[in-house]
Amino acid sequence: MPKISVLMPVYNTKEEWLKEAVESILNQTYKDFEFIIIDDGSTNKGTIKVLDNIYKCDSRIRVIKMPKSGINIIRRHLFAEAKGEFCALMDSDDISLQNRFEKQIKFFEENPDISVVGSWFEMFP
């Protein structure tokens, strides 16, 4: 069982943004995770192309394709698929710093009474 289940809903994300988001997860310093991506019925070719190839690059990735359902239903499916002790939410147009999971797991281990953490963000063009 992985320590973290990384949960990413995807819908018609620009190809370059999706690639960068996925790479930022795969390049984490903390490696004990599964990565579940659910496509919410994307129709743009860039998203479909990335998702059709992405699971081949790392055995921790699972891509699930669903008909257009909306973010609430997709998030429920993501949580239902998760096997990890912790869940980490990731948007398909965001980038995580390399040590995000390392810092968050360390915080949870040092603060067992805490059950939810967030992080700061930085806007960029």
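Values for this structure:
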read-out	value
Whole-number percent relative contact order across the chain, with pairs defined as alpha carbons under 8 Å at least 6 apart	40 percent
Nitroxide proxy distance, nm - points 7 Å out along Cα→Cβ at Glu20 and Arg76	3.4 nm
Folded to 0 to 90 degrees: helix 15-26 orientation relative to the chain principal axis, Cα	30 degrees
Square roots of 5 times each gyration tensor eigenvalue, C-alpha, the chain, largest first, Å	24, 16, 14
Protection proxy ranking of 98-104, 67-73 - average other beta-carbon atoms within 10 Å, highest first	98-104, 67-73
Degrees separating the helix 45-54 axis from the principal Cα axis of the chain, which is the longest one	50 degrees
Most mobile listed residue (Ala21, Ala80, Ala88) in the chain, GNM with C-alpha springs under 10 Å	Ala80
With Cα atoms, 0 to 90° folded angle of helix 71-81 axis to the chain main axis	60 degrees
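Since every read-out is calculated from the coordinates, none of them should be taken as a lab result. Source: prediction; values computed, not measured. Virtual Cβ from ideal backbone geometry, glycine too; neighbours counted across all protein chains shown.
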